[in-house]
Amino acid sequence: MRTFLSLADVDNRAAAGSEPPPQSVSKEQRSGTGFSPGFSSFLDFSRWLAAFVVFIGHLRGVIFIGYPDLPSGERSYLVGALYFLSGFGLSSVVVFFVLSGFLVGGIGITKVKSGRFDTLNYSIDRFVRLFIVYVPALVLTLILDFIGNRFFTDTGLWNCGSALMCEHFSDFTKLLSLKTFLMNLFMLQSFYSPYFGSAKPLWSLSYEFWFYVEFGLLAAALLHGRALRGRLAIVAIIVAAFLGFRFLALLGVWFIGVAVSLYAGDKLRNPLLSIVAFVLSSFAMRRFGALEAASDLKEYLLIYMNALSFAWVIISVKDLPLTIFSRFASLNKFFADFSYTVYLIHFPLMLFVVGVIAHFFNITQIITGFMPTSPVGLKLYFSTLILVLSLCRLFAQCTERHTDNIRAELKGRLRPLLGMGNSVAGKLGGK
C-alpha cells in the first residue's frame, strides 16, 4: 500500500483547510471530506478537551494551594488525582499545534501540489479565524483587568497581593501598557513582548499566527516563477530568523501534523500502543517538560516525543469506525464550537469571576489559597468553572460563530478590489 496519499485524495478531506470537518458525515458526504463521523467527532473531542484541560489547570492554580505545600493529611488519592489530571496544559498546547498542522497545513500543501491553492482565500481564512476572537479578547482583557485591579484589589489576584498568585503567575498590572497591547495586536508576544494583562494563554497564539504566515509564504513561493520564488523563500527565512530558534523548533511540531495528513500507510497503525505512547509522553511532559520557556535539548525532545505520539494516535485511529465518538458527536461538536474562545479568554474571565465572588462574599482566604477539601474552595472552583464556560459560550456566539460569514464577506469584497478572478491559483500555478 502507498505510504502517502495522492495529493488530490488528501485535498478532499476537509473544507477549505480551515476547521475540523462537520461532526456528522453521511456515507454520501464522506467522499467530500474523507473523514468518518467517528473521526470527525474525535477531532472535535481533542480540540475541546485540550482547551478545557488548560482552563481547569489554571483555575486550580488560582484557588487551591500547590500540591507540595499541602499537609500530609490532605494528600488523599482523590486529591492527588485532581492535581495530577489538571496539570497537562503543556501537552494540550502540543495537541493544538499538531491538529492545526494536520487540518490547516495538510490541506494547504495538498492544494499547492494540485494547483488549487488560493493565496487570497488562505490569507482571509487564517486571518479571520484568529482575529475574529482575538481582538475582542484583547479588549475584554483590558476591561476586566482594569475593573478588577481598580475595584477588587483586596483579592490580590491582579497585583500579586496574593502569595498564591505570585507563586504561579505574574503581576498582571505591569502587563497592561499600550506598548504591550500593540505588540500583542501584531502577534509579537512571546518573541518581543510578554502577553497582555492576564491573558496568559495568548503566548501560544502568536506562534500559531506565524506558523500560518510561514506556510503561506512557502506555499506562494512554490506557486510562483523561479525569480519570485526565491524572493518569497528569502522572506520566509528572514521571518523565521526574526522570530528565533524556539519558533523554528515549534514550527517543526506543526509540520508533524502536516506530514500526518499525507500519510496513508498501515504499518504504523496501532491504536493501543499509540495511545499508551501518548499518555506516557504526556506524563513526561507533565513532570519534566516546558513549552513556553523551552530552552534545552531535553525539553525539546519531550515536546517532539509528545507531538509524534499524538500524531501516531491520529494515524492509528483515523480509519477506524470510532463508534463511541459517533454517539457523542453532537456533544463534542457543541463544546468544540467554542473551544477556541475558551482557550483565549478563560484566564481574564476566571480572575474576574473569582475576584467578584471573593470580594462581595468576603472570602479572604483567596489570598492564601484553599485546601482542596475545603467546601468553600470547592464551591468557588465549580461555580467559577460553570460560569466561565457559560460566558465563553455567549462570547463565542457573538464572535466565533460568525467566522464563515465574515470570511465570505471579505472574499466577496477584496477579490474584485484586487482585480482577482475566481481562481487565483490558476493564475499563479501557470507561472
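The values are calculated or read from the model by the stated rules, or taken from the named source; none is laboratory data. Just so we're clear, the structure is a prediction, and the values are computed from it rather than from any experiment. No Cβ is skipped: glycine too gets one built from the backbone with ideal geometry, and neighbour counts run over all protein chains shown.
Scanning for something in a loop (DSSP other than H, G, I, E, B), of a type outside the set (A, V, I, L, M), at pLDDT 90 or above and farther than 30 Å from ALA219 by Cα, does the range 160-167 turn up at least one residue? Within the range 160-167, not a single residue is in a loop (DSSP other than H, G, I, E, B), of a type outside the set (A, V, I, L, M), at pLDDT 90 or above and farther than 30 Å from ALA219 by Cα.
Of all residues in the range 112-171, those satisfying the criterion of being closer than 18 Å to ILE366 by Cα and polar (S, T, N, Q) are ASN149, THR153, THR155, ASN159, SER162, SER170. Candidates ILE324, ILE366, ILE386, ILE303: the one that is of a type outside the set (Lys, Arg), in a helix (DSSP H, G or I) and modelled with pLDDT of 95 or more is ILE386. Filtering the range 176-226 to residues that are touching an Asp or Glu at 6+ places or on another chain (Cβ under 7 Å) and among the aliphatic types (A, V, I, L, M) leaves only LEU176. For the range 328-346, filtered to residues that are within 17 Å of the chain's Cα centre (by Cα) and not in a helix (DSSP H, G or I), the residue that is surrounded by the most Cβ atoms within 10 Å (Cβ to Cβ) is PHE338.
For the range 113-149, taking the residues that are charged (D, E, K, R) and in a helix (DSSP H, G or I), the one that is surrounded by the fewest Cβ atoms within 10 Å (Cβ to Cβ) is identified as LYS113. Taking first residues from the range 182-207 that are under 18 Å from VAL54 (Cα atoms) and partners that are basic (Lys, Arg) and buried (at least 19 other Cβ atoms within 10 Å of the Cβ), no Cβ contact under 6 Å between residues at least 6 apart in sequence or on separate chains turns up.
Can you name every residue in the range 70-100 that is outside any loop (DSSP other than H, G, I, E, B), closer than 24 Å to MET165 by Cβ and free of Cβ contacts under 8 Å to residues at least 40 places away in the same chain? Result: GLY80, LEU85, GLY89. Applying the condition of being hydrophobic (A, V, I, L, M, F, W, C) and within 19 Å of VAL53 (Cβ to Cβ) to the range 392-406 and asking which residue is surrounded by the most Cβ atoms within 10 Å (Cβ to Cβ) yields CYS392.
Evaluating ILE238 against the criteria (1) free of Cβ contacts under 8 Å to residues at least 24 places away in the same chain; (2) not in a helix (DSSP H, G or I) leaves one unmet condition, (2).
Could you list, in sequence order, the residues of the range 168-203 that are in a helix (DSSP H, G or I), surrounded by 21 or more Cβ atoms within 10 Å (Cβ to Cβ) and under 19 Å from the mean Cα position of the chain (by Cα)? Once the filter is applied, which keeps residues that are in a helix (DSSP H, G or I), surrounded by 21 or more Cβ atoms within 10 Å (Cβ to Cβ) and under 19 Å from the mean Cα position of the chain (by Cα), the range 168-203 yields ASN184, LEU202. Only one of the numbered conditions (1) in a loop (DSSP other than H, G, I, E, B); (2) modelled with pLDDT under 90 is not met by THR110, and that is (1).
When the range 316-327 is filtered for residues that are buried (at least 22 other Cβ atoms within 10 Å of the Cβ) and closer than 26 Å to MET285 by Cα, only LYS318 remains. Sub-7 Å Cβ pairs linking a first residue in the range 395-420 that is in a helix (DSSP H, G or I) to a second residue that is among the charged types (D, E, K, R) and at pLDDT 90 or above, at least 6 apart or interchain, are ALA396/ASP337; THR403/ARG129; ARG407/ASP125, ordered by first then second residue.
Of the residues making up the range 50-76, those that are surrounded by fewer than 17 Cβ atoms within 10 Å (Cβ to Cβ), out of contact with any Asp or Glu (no Cβ under 8 Å at 6 or more places or on another chain) and under 29 Å from ALA307 (Cα atoms) are TYR67, PRO68.
Here is the figure for the range 150-163: residues that are surrounded by fewer than 20 Cβ atoms within 10 Å (Cβ to Cβ) and of a type outside the set (A, V, I, L, M, F, W, C) total 5.
Could you check, for the range 91-108, whether at least one of its residues is closer than 24 Å to TRP312 by Cα, surrounded by fewer than 22 Cβ atoms within 10 Å (Cβ to Cβ) and not polar (S, T, N, Q)? Scanning the range 91-108, I find at least one residue that is closer than 24 Å to TRP312 by Cα, surrounded by fewer than 22 Cβ atoms within 10 Å (Cβ to Cβ) and not polar (S, T, N, Q), so the answer is yes. Quick check: anything in the range 347-360 part of a helix (DSSP H, G or I), more than 18 Å from SER162 (Cβ to Cβ) and modelled with pLDDT of 95 or more? Within the range 347-360, not a single residue is part of a helix (DSSP H, G or I), more than 18 Å from SER162 (Cβ to Cβ) and modelled with pLDDT of 95 or more.
Among the residues making up the range 116-173, those that are basic (Lys, Arg), under 21 Å from ILE345 (Cβ atoms) and in contact (Cβ under 8 Å) with a residue 60 or more places away in the chain are ARG126, ARG129.
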